[in-house]
Amino acid sequence: MRRSGIRRGEHLIPACFARGFLWCVLLLVLPGTCCACPFCAAPSLTLGERVGAADAVVLAEPVRNRRIAGRTEAVKVLEVREIHKGREPLIPGHRLTFPRLADETAGALFLCIASSGRRGLDWSEPLSVTEAGWRYLTQAPPRTADDAERLKYFVRFLEADDPLIAEDAYGEFANSPYEAIVAMRSDLPRDSLRKWVTNSRTPGSRLGLYGMLLGLCGDAADARRLEQIILQGRSEEDGFRPGIDGVMGGYLLLTRERGLDFLERKHLTDPSASFADIYAAMQALRFCWKYADADFSRDRLRHSMRTLLIRPELADLVIADLARWQDWSVQSRLHGMYEEEAFQTPAVKRAIVRFMLVSIQAGEPRASRRIESQIEKQADRVQPAHAVQARRILDELRLRDPRTVSDAERFFSIR
């Protein structure tokens, strides 16, 4: 069975390194870090970002082909029609030459972007644009504007007829902090979002964003609408459903703890639920923990995540989340799982060891990080109960399974 990010049996890097790296990501990322849209596949750069970093941006149109001595093919000549950014010699009528063009049809227009080089402007490959695309780009708010205010402009173009515009507007949301999206929730097009999330032709890459946005501005009817989408295609045969994690996240924003009950019943604890949907539900829980903590109690979210400990195929990832969420209530359960037949995989065993290491670290007095040799002798007296228990479990595991404990510790150090 495959899971996102790490492929069993097809490792491009050693499995222990991959899992160790995953734990570093899960446990060491700062909780306050400002992240982009949680359910979007962000492009590398939006047009706005490219324009902001450029020294020249112009709209040009083809003039003719021209041959240069020593070259067998004709170069393409563009004539500058409008200038958005740049200075002389860039004036209307100025001509630029390129080895090739993406579109040479009559009336074609091109967005040309350049940065300053040692010999003047270095032009990137021209990008075919429409008149509407040029207006969209030149009228967009500057990068220096408030993120939420900028998104109010781009939200109008999320499903534009011009694919370049629609994809770029999506990219602006994908690259924006979640807090900025929340700040402009009153400007979200609720009626349009309702159509987009139920339209079978909506790309899966955008469904996650639209589901989350509807969760920010929707009502009880929208919660039922998202619930129906979640219930569709729940069998293993239906496979991966792009964007369903965002739909689940939006559903939880509207339904809160009632929605957690629903996801537990229909996905987290249901043996017939597909692996892909279970993992999507995990992503929705992580989203709520990071971004919607005002709407959910921490203990309630921990409870939902704990229900997944019954699934061996996900156990190592679940244990990593519970360690990051400091759910020390499962220490005895994890201790028992170490010998259970269903969990006899190196990944799960290392995850249990690292959980104990995190528990010990969380219970360390600050002074012990500077004077470990002095505090170590008094550890049982100065550390909280969960850290004391974790240390005892770890000592036992070290005697019983020294190799696994050593492997786990290679990618984790108690500070």
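A short reminder: the numbers here are calculations on the coordinates, not readings from a lab. In this text the structure is predicted, and so the values were computed from the model without any measurement. Quick reminder, even Gly has a Cβ in these numbers, built from the backbone with ideal geometry, and neighbours come from all protein chains shown.
Can you pull the semi-axes for segment 152-215, root of five times each eigenvalue of the Cα gyration tensor, sorted largest first, whole Å? Numbers along the way, then the final one.
Values: eigenvalues 54, 40, 23 Å².
The three semi-axes for segment 152-215 are 17, 14, 11 Å.
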- Query: Taking the highest mean first, how do the peptides 403-409, 56-62, 281-287 order by number of other beta carbon atoms within 10 angstrom per residue?
  - Reply: 281-287, 56-62, 403-409
- Query: What does the highest-first list of 273-280, 258-265 look like by mean Cβ count within 10 Å?
  - Reply: 273-280, 258-265
- Applying 1/(1 + (r/R0)^6) with R0 = 60 Å to the Cβ-Cβ distance of Ala220 and Ser116, what FRET efficiency is obtained, to the nearest 0.05? 0.60
- Query: When Lys and Arg each count +1 and Asp and Glu each count -1, what net charge do the other residues less than 13 Å away from Leu397, Cβ to Cβ, add up to?
  - Reply: +2
- Provide the gained length on full extension for the span Arg410 to Arg81, in nm with one decimal, where the gain is 0.36 nm per separating residue minus the Cα-Cα distance. 112.4 nm
- For segment 296-304, Karplus-derived ³J(HN,Hα) couplings (6.51, -1.76, 1.60; θ = phi - 60°; whole Hz; x for glycine and proline) come out as 9, 6, 4, 5, 5, 5, 4, 4, 4
- Karplus-derived 3J(HN,Hα) from phi for segment 171-181 (6.51 cos²θ - 1.76 cosθ + 1.60, θ = phi - 60°), whole Hz, x at Gly and Pro, runs x, 5, 5, 4, 8, 8, x, 4, 4, 5, 5
